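The values are calculated or read from the model by the stated rules, or taken from the named source; none is laboratory data. Just so we're clear, the structure is a prediction, and the values are computed from it rather than from any experiment. Heads up, the Cβs are rebuilt from the backbone with ideal geometry, glycines too, and the neighbour counts pull from every protein chain shown.
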Amino acid sequence: MKFPQKAIDRFNAKINKTSNCHEWNASKQKQGYGMFSYDGKSKPAHRFAYLLYKGDIAENMVVHQTCENNGCVNPEHLELQTKSQNKKNYNSTHVSKEMVEKNSVKFLYRLRNVRPELEKEIDALLMLLVSEKTKDEDDFGFEEIKKENYI
């Protein structure tokens with residue numbers, strides 16, 4: 001896709017290039033995705049970067065950031081995926097330390113439903129996390145759960 005030089009210069013002025021990611025420094029969505037306005041329309045900056053440096057995006061495809069940095073527009077980190085591939089990728093990689101600390105048991109139960117191939121590994125983690133204290137406090141409704149059910 002061909003863009004006017006003025007639009008390209010304006011786009012590049014909003015990027016902080018590091019040795020790895022090219023961080024978007026302008027408008028961002030709540031999730032951290034950069035937004036760029038071109039031709040009267042606002043679009044995700046990583047999609048604009050893909051169009052600019054790599055070419056067209058098929059209607060059923062999404063642009064995935066392989067670095068898992070929502071603010072990155074580095075063309076080397078951008079690849080096309082189907083929506084289902086992207087969702088699977090997201091579910092398998094977006095587990096932050098804070099999320100695990102805050103809602104680890106709830107999250108692992110949900111993850112077990114989404115990723116059945118990881119059931120043994122998740123069950124081993126649940127075995128470590130479910131304690132007598134959790135049962136006593138009943139924060140998650142686990143008063144009837146026995147640890148031996150997780151082996």
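Brief remarks follow.
- Selection within the range 44-59 - farther than 16 Å from Gln81 by Cα and buried (at least 18 other Cβ atoms within 10 Å of the Cβ): Ala45, Leu52
- Within the range 50-83, the set of residues being in a helix (DSSP H, G or I) and small (Gly, Ala, Ser) is empty.
- If only residues of the range 26-81 that are of a type in the set (Asp, Glu) and on the phi > 0 side of the Ramachandran plot are counted, the one that is farthest from the chain's Cα centre (by Cα) is Asp39.
- Gly40 being more than 13 Å from Leu78 (Cα to Cα), free of Cβ contacts under 8 Å to residues at least 60 places away in the same chain and in contact with a Pro (Cβ under 9 Å, 6 or more places away or on another chain): no
To keep it simple, each residue is scored yes or no on (1) within 26 Å of Val63 (Cα to Cα); (2) at pLDDT 70 or above; (3) in contact with a Phe, Trp or Tyr (Cβ under 7 Å, 6 or more places away or on another chain).
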{"site": "Ser84", "(1), (2), (3)": "yes, yes, no"}
{"site": "His94", "(1), (2), (3)": "yes, no, no"}
{"site": "Met99", "(1), (2), (3)": "yes, no, yes"}
{"site": "Leu108", "(1), (2), (3)": "no, yes, no"}
{"site": "Val114", "(1), (2), (3)": "yes, yes, no"}
{"site": "Leu118", "(1), (2), (3)": "no, yes, no"}
{"site": "Ile122", "(1), (2), (3)": "no, yes, no"}
{"site": "Leu126", "(1), (2), (3)": "no, yes, yes"}
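- Scope the range 27-49; condition farther than 14 Å from Phe3 by Cα, among the charged types (D, E, K, R) and either not in a strand (DSSP E or B) or not assigned by TED's automatic domain parsing to the domain that holds Lys14 (or both); matching residues: Lys30
- Pick from the range 1-16, criterion of a type outside the set (A, V, I, L, M) and touching a residue at least 12 places away in the same chain (Cβ under 8 Å), ranking: surrounded by the most Cβ atoms within 10 Å (Cβ to Cβ): Phe11
- Count of the range 64-79 residues which are crowded, with 17+ Cβ neighbours inside 10 Å, at pLDDT 95 or above and either of a type in the set (Ser, Thr, Tyr) or over 12 Å from Glu23 (Cα atoms) (or both): 1
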